[in-house]
Amino acid sequence: MCVGRSSEFRALSGDSKFRDLSPTNVTEPLDHEIAEFLRHCDWPRGRRLRVMDFGCGRGGLVGQLRVVGADAYGVDIDERFIHSGRILSRIWEGDCPILSLMEVGGLTLFRDGFFDAVITDQVLEHVADLDALAGEISRILRPGGMVFHRFPGRRLLMEPHYHLPAVHWLAPRSRPRRLAIRALVGLGAQGSLPREMAPRDKAEIIGTYADTQTFYRAAPAIAETFDRHGISLSFGPFFRWWLVGKLRAKLGVRGPLLRAAAFAL
């Protein structure tokens with residue numbers, strides 16, 4: 001578990017994971033990409049779809065999955081996040097904890113092949129040991145199960161957590177990266193920390209967070225790591241699902257026209 005200034009960044013940037021989950025959060029509509037993913041999942045008859053949210057935070061997605069009928073669970077590395085989602089255990093009871101901490105070595109408390117589907121949402125860019133994560137996901141996923149990963153690409157111009165341009169393109173823990181952060185903050189870039197913070201403190205907190213909690217990788221390298229553990233990844237279809245979802249949500253496209261757009265894409 002990361003402590004000190006690396007976790008200080010998340011608290012100071014207003015991360016919602018530090019706030020208690022509410023019943024309203026649980027009943028929010030399921031994200032359309034994840035809903036589309038679930039429609040492609042298969043599971044044995046006679047029970048509900050078992051889904052793991054790996055890196056669940058306070059468990060908002062876990063609650064939303066349970067509302068739509070899935071037997072969903074979540075794990076994270078920060079006990080404070082798990083505590084923020086304690087409302088889930090008051091709404092639903094079960095033999096296994098709905099939210100739990102990862103054990104030493106990145107292990108979870110679930111038996112081999114327990115899950116039909118595993119989701120990581122904005123998680124892979126925070127994982128230092130991707131091989132260990134891929135191994136544990138492979139262990140708890142049943143044969144024929146499916147995996148959904150969503151994460152920011154390394155080629156994004158604006159880093160999506162501390163909101164400074166191109167800094168994440170530079171080598172981790174390198175002097176050029178730290179100098180670039182200091183220069184941008186010194187020139188007035190606000191990042192995602194409070195405006196009133198001293199630039200020197202802001203640069204130090206962002207630099208520590210960038211070096212210890214963000215790990216950007218090329219998509220082929222991620223695919224190769226999971227492939228070693230028997231999980232084949234595809235980076236194509238979800239762009240289509242994302243765009244179709246935007247047509248439906250933003251432009252109100254429905255019915256035959258939506259189906260035609262999906263076919264064309």
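Residues that are open to solvent by less than 20 Å² (accessible area, probe 1.4 Å) and on the phi < 0 side of the Ramachandran plot: which helices (runs of 4 or more DSSP H) entirely in the stretch 61-170 hold 3 or more of them?
Those helices (runs of 4 or more DSSP H) span 130-140.
Taking the stated definitions as given, is Leu12 closer than 30 Å to Tyr162 by Cβ, at pLDDT 95 or above and hydrophobic (A, V, I, L, M, F, W, C)?
For Leu12, the condition - closer than 30 Å to Tyr162 by Cβ, at pLDDT 95 or above and hydrophobic (A, V, I, L, M, F, W, C) - is not met.
Do the conditions hold for Ile87, that is, is it in contact (Cβ under 8 Å) with a residue 12 or more places away in the chain and more than 28 Å from Ile222 (Cβ to Cβ)?
Working: in contact (Cβ under 8 Å) with a residue 12 or more places away in the chain: yes; more than 28 Å from Ile222 (Cβ to Cβ): yes.
Criteria met by Ile87.
Mind listing just one residue for me: the one in the stretch 171-180 that is of a type in the set (A, V, I, L, M) and more than 27 Å from Gly55 (Cα to Cα) and, of those, surrounded by the most Cβ atoms within 10 Å (Cβ to Cβ)?
Ala180
Contact list please: Cβ distance under 9 Å, first residue in the stretch 132-146 and under 15 Å from Val104 (Cα atoms), second residue modelled with pLDDT under 95 and open to solvent by 40 Å² or more (accessible area, probe 1.4 Å), pairs at least six apart or on different chains.
Correct list of pairs: Ala132/Gly105; Ala132/Leu107; Glu136/Met102; Glu136/Gly105; Glu136/Leu107.
With a cut-off of at least 3 residues that are modelled with pLDDT of 90 or more, touching a helix residue (DSSP H, G or I) at 6+ places or on another chain (Cβ under 6 Å) and surrounded by 12 or more Cβ atoms within 10 Å (Cβ to Cβ), name the helices (runs of 4 or more DSSP H) lying wholly within the stretch 193-265.
Ranges flagged: 199-213.
So in the stretch 181-192, with the set limited to residues that are in contact (Cβ under 8 Å) with a residue 12 or more places away in the chain and not in a helix (DSSP H, G or I), which one is most open to solvent (accessible area, probe 1.4 Å)?
Gln190
Does Arg39 satisfy the condition of being among the basic types (Lys, Arg) and closer than 28 Å to Tyr216 by Cβ?
No: the conditions fail for Arg39.
The values are calculated or read from the model by the stated rules, or taken from the named source; none is laboratory data. Everything numeric in this text was worked out from a predicted model, so none of it was measured. So basically every Cβ, Gly included, is an ideal-geometry build from the backbone, and we count neighbours across all protein chains shown. With ligands, DNA and RNA removed, areas are computed over all heavy atoms of the protein, side chains included. Shrake-Rupley method; radii C 1.70, N 1.55, O 1.52, S 1.80 Å.
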